[in-house]
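Peer 1: Attaching a single structure in structure tokens format; questions to follow.
The values are calculated or read from the model by the stated rules, or taken from the named source; none is laboratory data. Given the structure is predicted, the values throughout are model-derived calculations rather than measurements. No Cβ is skipped: glycine too gets one built from the backbone with ideal geometry, and neighbour counts run over all protein chains shown.
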Amino acid sequence: MIAMEKTLLELEPGMHGTLIRFAGTPGFVRKLRTIGIREGKTLTVVTRHPLGGPVVIEVDGREVTLGRGMAVRVIVDVAA
Amino acid sequence: MKTIVLMGNPNVGKSGIFSRLTGTRVITSNYPGTTVDVSRGKMRLLGAPAEVIDAPGTYSLTPTNPAEEVAAGILAQADLVVNVVDATNLERNLYLTLETLECGVPAAVALNLWDEAGHQGIAIDVAGLEALLGVPVVPTVGLAGQGIRELVERLGEAHPSETIRPMSEEERWVAVGRITGEVQTIVHRHHTLRDRLSEASIRPITGLFIALAVIAAAFLAVRWIGEGLISLVFEPLFDLYTPIVMRLSDLLGPGVLHEILIGRLFDGEIDYVQSMGLLTTGLYVPLAMILPYIVAFYLVLSILEDTGYLPRLATLTDTFFHRLGMHGYGIIPVFLGFGCNVPGALATRVLETKKQRFIAATLMALAVPCMAQIAMVFGVLGPFGLQYVVMVFATLALVYVAAGLVLNRVVPGECPEIFLEIPPYRVPDIRATVTKTWMRVRGFIGEAIPYLFLGILLINLLYAVGFLDLLAAVFAPVMETWLGLPAGAAVALLVGFLRKDLAVGMLVPLGMNPEQLVIAVTMLSIYFPCVATFVVLLRELGARGMLAAAGVMVTTALLVGGALRMVLIGF
């Protein structure tokens, strides 16, 4: 099994990946971690709204909405 | 007196615990904004009175927004902390728990939503958690009051944690993972109907249909409940009341006092909309025309909030609001504004930056008519045909979008993206919903009736000294040439600053045709907020911000009024 690094934004709805790192400021990282989006967590993309709309993911059974500018700074490992 | 502070993440049922501890009723809801205002109450602890403060929900003590700053500040005043934790989401909640315990303040943990955790197949070893955290841990169900008695008993033994020492951020994350792993076991469950419904309501296509259905249902429910209350309760009451005022009218005879209390008679009869007396229009408009819809609106809004639907609506509308310089939460001030612009203006605080709040507040003041105004628009234009009512609302919607697109380009500042947690759907608790509705209705009564009375009194006085005629003469050129309205409409616009609903009523005696009424009613909504909203906006935006907003409003009103005149009446 080969693991592939992708940004959260690149994941199609229904796909999931393991969070490996963030590409953002400490403030941004803290904001996501405190809501439960952390390294080692499995993130599943529930839906991605068209026309530049937000991405909804599921983590630990909870749904979180985040903007695309944030999703692109979350790097996940996808089992390919 | 000891100060007890309730700390916890947003949406963990903190306000419910608060009202159980203090017996005070507070507003609990599923989206941030309503608990930004700090609630205080009293309780007895070990036989002595203590003050309880409900801090705004926060994820950590390193604040990322104003509400969290408030929370961190309040913690500093605490003699004792009750950390309310969502048992269905222990891992995420523990970060704040550890940070709080590291401060060395005496504390206890309430494991709230305990029943829901059970339903979700989550089991937590309470004794184990207590040993690891070094402070009392009590499972609770805030809404039902379960576990509250034990929580209060164990608050007596609350002490600073002996096991948790200050640590670095990275160490804290490791500790969170370790503690969760030791005390929590999750039995995997199948996707329930609730999960499927939740997903359907946030996907773009199914979500849009659900949103349209929910909004249509909400609108119909408000209308149906409102009309029901009017025909079954309020009109019969006024039928009983009319002979009494008529008697009073005969007793008073013509004169200034009659003018102020009863107002003008039409064919010897009282016209509750047009008479403009304190005891006629002054009572009828707020009680029989507006209050029923306010009750209906707040009931429906409270149900929507308590089910957890609003964050889903925010997700769906984000794409749209993002283009207007806000994000999905921009829907919240709009929604609340439809009830009354004052809470709408306060709700702009759910947005993070100055730019976003300015845009949200300005657009709401411009183009979101309050329930009082909506009721009057239907009352005044409805008889001419629904198409005129539609014209007003379509124009306002267009103004909202157009002004938003422009403001997003010209207002300097940042527009952070949407970032929110979607709470699970919950069945609203009837008692909590009714209490919340009642608190909001009471707020409306306390605010509306004095203003309406004062407004009518002031108008009658200004009318008596001839000021209103003077004003009409001064503004006649603008009114007549630019807007195609009679000079008297200027008076209604002035009155609109006091109360917009009343101003709409004042347009009736001017004998305008429906097209002119559409222009006047639309202008009335756009040109300036009512005085109560103005005061709140001034506080929220600052003097400079308000000045800029007012500039936008007056300019937009004149542009839109002129354009409507050309379209509807011609030159």
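Peer 1: Being away from every other protein chain (no Cβ under 14 Å), within 17 Å of B:SER15 (Cβ to Cβ) and either touching a Pro at 6+ places or on another chain (Cβ under 7 Å) or assigned to a strand (DSSP E or B) (or both) is the filter here; which residues of the stretch B:68-103 pass it?
Peer 2: Across the stretch B:68-103, the qualifying residues are B:VAL70, B:VAL81, B:VAL82, B:ASN83, B:VAL84.
Peer 1: Any residue in the stretch B:406-420 that is more than 14 Å from chain A (Cβ to nearest Cβ) sitting within a Cβ distance under 6 Å of a residue that is among the hydroxyl-bearing types (Ser, Thr, Tyr)? List the pairs, counting only those 6 or more apart or interchain.
Peer 2: What qualifies is B:GLY413/B:THR353.
Peer 1: Let me ask something else. Could you check, for the stretch B:478-499, whether at least one of its residues is acidic (Asp, Glu), in a helix (DSSP H, G or I), at pLDDT below 80 and more than 30 Å from A:THR34 (Cα to Cα)? Walk me through it before giving the result.
Peer 2: Residues of the stretch B:478-499 acidic (Asp, Glu): B:480.
Now restrict to residues that are in a helix (DSSP H, G or I): B:480.
Add one more test, that the residue is at pLDDT below 80, and what stays is none.
Scanning the stretch B:478-499, I find no residue that is acidic (Asp, Glu), in a helix (DSSP H, G or I), at pLDDT below 80 and more than 30 Å from A:THR34 (Cα to Cα), so the answer is no.
Peer 1: Can I ask one more? Just checking, does the stretch B:113-122 include any residue being in a strand (DSSP E or B), under 24 Å from B:VAL187 (Cα atoms) and β-branched (Val, Ile, Thr)?
Peer 2: Looking for residues that are in a strand (DSSP E or B), under 24 Å from B:VAL187 (Cα atoms) and β-branched (Val, Ile, Thr), one finds at least one in the stretch B:113-122, hence yes.
Peer 1: When the residues of the stretch A:48-62 are narrowed to those that are among the hydrophobic types (A, V, I, L, M, F, W, C) and closer than 27 Å to B:GLN120 by Cα, which ends up nearest to the other protein chains (Cβ to nearest Cβ)?
Peer 2: Of the residues in the stretch A:48-62, the ones among the hydrophobic types (A, V, I, L, M, F, W, C) are A:51, A:55-57, A:59.
Adding the requirement that they be closer than 27 Å to B:GLN120 by Cα leaves A:55-57, A:59.
Working: A:VAL55: 10, A:VAL56: 5, A:ILE57: 10, A:VAL59: 9 Å.
The qualifying residue nearest to the other protein chains (Cβ to nearest Cβ) is A:VAL56.
Peer 1: Something else about it: Residues to consider are B:ALA563, B:ALA532; find the one that is surrounded by fewer than 22 Cβ atoms within 10 Å (Cβ to Cβ) and touching a Cys at 6+ places or on another chain (Cβ under 9 Å). Give the derivation first.
Peer 2: On the way: B:ALA563 fails: touching a Cys at 6+ places or on another chain (Cβ under 9 Å).
Criteria check complete, one pass: B:ALA532.
Peer 1: A further question follows. Picking from B:PHE219, B:PHE238, B:PHE234, which residue would you name as being of a type outside the set (Ser, Thr, Tyr), without any contact (Cβ under 8 Å) to a residue 40 or more places away in the chain, out of contact with any Lys or Arg (no Cβ under 7 Å at 6 or more places or on another chain) and under 21 Å from B:VAL380 (Cβ atoms)?
Peer 2: Going through B:PHE219, B:PHE238, B:PHE234 in turn, just one is of a type outside the set (Ser, Thr, Tyr), without any contact (Cβ under 8 Å) to a residue 40 or more places away in the chain, out of contact with any Lys or Arg (no Cβ under 7 Å at 6 or more places or on another chain) and under 21 Å from B:VAL380 (Cβ atoms): B:PHE219.
Peer 1: Restricting the search to the stretch B:516-532, which residues are farther than 19 Å from B:ALA403 by Cα and touching a Gly at 6+ places or on another chain (Cβ under 8 Å)?
Peer 2: B:GLN516, B:CYS530
Peer 1: The conditions are (1) in a helix (DSSP H, G or I); (2) touching a residue at least 12 places away in the same chain (Cβ under 8 Å), and B:LEU547 fails exactly one of them. Which is it?
Peer 2: So B:LEU547 meets the others, but not (2).
Peer 1: Kindly evaluate B:VAL137 against the criterion of being within 20 Å of B:LEU75 (Cβ to Cβ) and in contact with a Phe, Trp or Tyr (Cβ under 6 Å, 6 or more places away or on another chain).
Peer 2: no
Peer 1: Now for a different question. Checking the condition touching a residue at least 12 places away in the same chain (Cβ under 8 Å) and either within 12 Å of another protein chain (Cβ to nearest Cβ) or more than 30 Å from B:LYS2 (Cα to Cα) (or both), which residue from B:ARG154, B:ARG203, B:ARG194 passes?
Peer 2: B:ARG194
Peer 1: Taking B:VAL295 as meeting all but one of (1) in contact (Cβ under 8 Å) with a residue 60 or more places away in the chain; (2) crowded, with 24+ Cβ neighbours inside 10 Å; (3) more than 14 Å from chain A (Cβ to nearest Cβ), write down the number of the exception.
Peer 2: (2)
Peer 1: Which of the residues spanning the stretch A:7-22 are in contact with a strand residue (DSSP E or B) (Cβ under 8 Å, 6 or more places away or on another chain), closer than 17 Å to A:THR47 by Cβ and not in a loop (DSSP other than H, G, I, E, B)?
Peer 2: A:THR7, A:LEU8, A:LEU9, A:HIS16, A:GLY17
Peer 1: Something else now. Can you confirm whether B:VAL441 is in a helix (DSSP H, G or I) and at pLDDT 85 or above?
Peer 2: When the stated conditions are applied, B:VAL441 does not pass them.
Peer 1: Can we say B:LEU143 is among the hydrophobic types (A, V, I, L, M, F, W, C), in the same structural domain as B:THR58 (by TED's automatic domain parsing) and not in a helix (DSSP H, G or I)?
Peer 2: When the stated conditions are applied, B:LEU143 passes them.
Peer 1: Further, regarding this structure: Among the numbered criteria (1) within 23 Å of B:ASP306 (Cα to Cα); (2) assigned to a loop (DSSP other than H, G, I, E, B), which single criterion is violated by B:CYS415?
Peer 2: (1)
Peer 1: Residues being part of a loop (DSSP other than H, G, I, E, B), in contact with a helix residue (DSSP H, G or I) (Cβ under 7 Å, 6 or more places away or on another chain) and either buried (at least 16 other Cβ atoms within 10 Å of the Cβ) or outside the structural domain of B:ASN83 (by TED's automatic domain parsing) (or both): count how many of those fall in the stretch B:155-200.
Peer 2: Residues that pass the stated criteria total 2.
Peer 1: Then there's this: Restricting attention to the stretch B:283-292, does a residue exist that is surrounded by 21 or more Cβ atoms within 10 Å (Cβ to Cβ) and either within 14 Å of chain A (Cβ to nearest Cβ) or over 21 Å from B:GLY443 (Cα atoms) (or both)?
Peer 2: Checked the stretch B:283-292: no residue is surrounded by 21 or more Cβ atoms within 10 Å (Cβ to Cβ) and either within 14 Å of chain A (Cβ to nearest Cβ) or over 21 Å from B:GLY443 (Cα atoms) (or both).
Peer 1: A follow-up question, please. List the number of the failed condition for A:VAL45; all other conditions in (1) touching an Asp or Glu at 6+ places or on another chain (Cβ under 9 Å); (2) within 10 Å of chain B (Cβ to nearest Cβ); (3) β-branched (Val, Ile, Thr) hold.
Peer 2: It is condition (2) that A:VAL45 fails.
Condition check ((1) in contact with a helix residue (DSSP H, G or I) (Cβ under 6 Å, 6 or more places away or on another chain); (2) touching a residue at least 60 places away in the same chain (Cβ under 8 Å); (3) surrounded by fewer than 14 Cβ atoms within 10 Å (Cβ to Cβ); (4) facing another protein chain (nearest Cβ under 9 Å)) across all residues:
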{"position": "A:ALA3", "(1), (2), (3), (4)": "no, yes, yes, no"}
{"position": "A:LYS6", "(1), (2), (3), (4)": "no, yes, no, no"}
{"position": "A:GLU10", "(1), (2), (3), (4)": "no, no, no, no"}
{"position": "A:GLY14", "(1), (2), (3), (4)": "no, no, yes, no"}
{"position": "A:GLY24", "(1), (2), (3), (4)": "no, no, no, no"}
{"position": "A:LYS41", "(1), (2), (3), (4)": "no, no, no, no"}
{"position": "A:VAL64", "(1), (2), (3), (4)": "no, no, no, yes"}
{"position": "A:GLY67", "(1), (2), (3), (4)": "no, no, no, yes"}
{"position": "A:ILE75", "(1), (2), (3), (4)": "no, yes, no, no"}
